[in-house]
1. Of the conditions (1) modelled with pLDDT under 95; (2) buried (at least 19 other Cβ atoms within 10 Å of the Cβ); (3) of a type in the set (S, T, N, Q), SER82 satisfies every one except a single condition; which number is it?
2. Give the residues of region 13-65 that are out of contact with any Leu (no Cβ under 7 Å at 6 or more places or on another chain) and among the hydrophobic types (A, V, I, L, M, F, W, C), sorted by residue number.
3. Please count how many residues of region 85-100 are loosely packed, with under 15 Cβ neighbours inside 10 Å and of a type in the set (Ser, Thr, Tyr).
4. So which residues in region 58-83 are in contact with a Gly (Cβ under 6 Å, 6 or more places away or on another chain) and of a type outside the set (Phe, Trp, Tyr), if there are any at all?
5. What's the total number of residues in region 25-56 that are within 15 Å of ILE104 (Cβ to Cβ), free of Cβ contacts under 8 Å to residues at least 60 places away in the same chain, touching a helix residue (DSSP H, G or I) at 6+ places or on another chain (Cβ under 7 Å) and part of a strand (DSSP E or B)?
6. For region 92-115, which positions are of a type in the set (S, T, N, Q) and modelled with pLDDT of 95 or more?
7. Which ones in region 19-48 are more than 15 Å from the chain's Cα centre (by Cα), under 11 Å from SER82 (Cβ atoms) and of a type in the set (D, E, K, R)?
8. Can you name the condition, by its number, that ARG157 falls short on among (1) under 26 Å from PRO62 (Cβ atoms); (2) modelled with pLDDT of 95 or more; (3) exposed (fewer than 13 other Cβ atoms within 10 Å of the Cβ)?
Amino acid sequence: MLNTGYNSAMTRQLQLGRPTPIPASPGEAVLDRVPNPHPDRNYLARFTFPEFTVMCPVTGQPDFATLVIDYVPRGYLVESKSLKLYLNSFRNHAGFHEECTVAIGKRLVSLLKPKWLRIGGYFHPRGGMPIDVFWQAGKLPAGVWVPDQGVSTYRAR
């Protein structure tokens, strides 16, 4: 078994490298973390998830977004397969854009304790209005290059 870094006395197998179903809900999803191979360096890690889906809690209709997660790791990195499974677990979850975006950011901060993290949720318009949600935690270390998130704001066709 691999140590995920949750607790030195606690070990379990990562989801990586074995069949793992999409969790039924975000609360059931397990996020794995792995040791940062460069804890002595400040650098930015980015995940872009262009197929995020959540259900509108009022209408039951799907809402689609591109999520961009940037963070400066401390001792741990989020394992990407577990992150994909966690993000996909929202597809049958009812939640407002703001609730989901901030909850994802807070869960990652709780797991990783990064030096800095920001999340941008760029939701496609429904009812004629796009909603973009941004949240961050921590202080960006001096000298870390943070590129634009690269998702253009909504423009009608």
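1. (1)
2. Filtering region 13-65 down to residues out of contact with any Leu (no Cβ under 7 Å at 6 or more places or on another chain) leaves 16-19, 21, 24-28, 30, 35, 37-44, 46, 48, 50-51, 53-65.
Correct list: LEU16, ALA24, VAL30, LEU44, VAL54, MET55, CYS56, VAL58, PHE64, ALA65.
3. Result for region 85-100: 0.
4. Residues of region 58-83 that are in contact with a Gly (Cβ under 6 Å, 6 or more places away or on another chain), as a first pass: 65, 67-68, 76.
Answer for region 58-83, where residues must be in contact with a Gly (Cβ under 6 Å, 6 or more places away or on another chain) and of a type outside the set (Phe, Trp, Tyr): ALA65, LEU67, VAL68.
5. Within region 25-56, residues that are within 15 Å of ILE104 (Cβ to Cβ), free of Cβ contacts under 8 Å to residues at least 60 places away in the same chain, touching a helix residue (DSSP H, G or I) at 6+ places or on another chain (Cβ under 7 Å) and part of a strand (DSSP E or B) number 4.
6. Answer for region 92-115, where residues must be of a type in the set (S, T, N, Q) and modelled with pLDDT of 95 or more: THR101, SER110.
7. none
8. (2)
The values are calculated or read from the model by the stated rules, or taken from the named source; none is laboratory data. Since we're looking at a predicted model, the values are computed, not measured. Note that we place each Cβ from the backbone using ideal geometry, even for glycine, and neighbour counts take in every protein chain shown.
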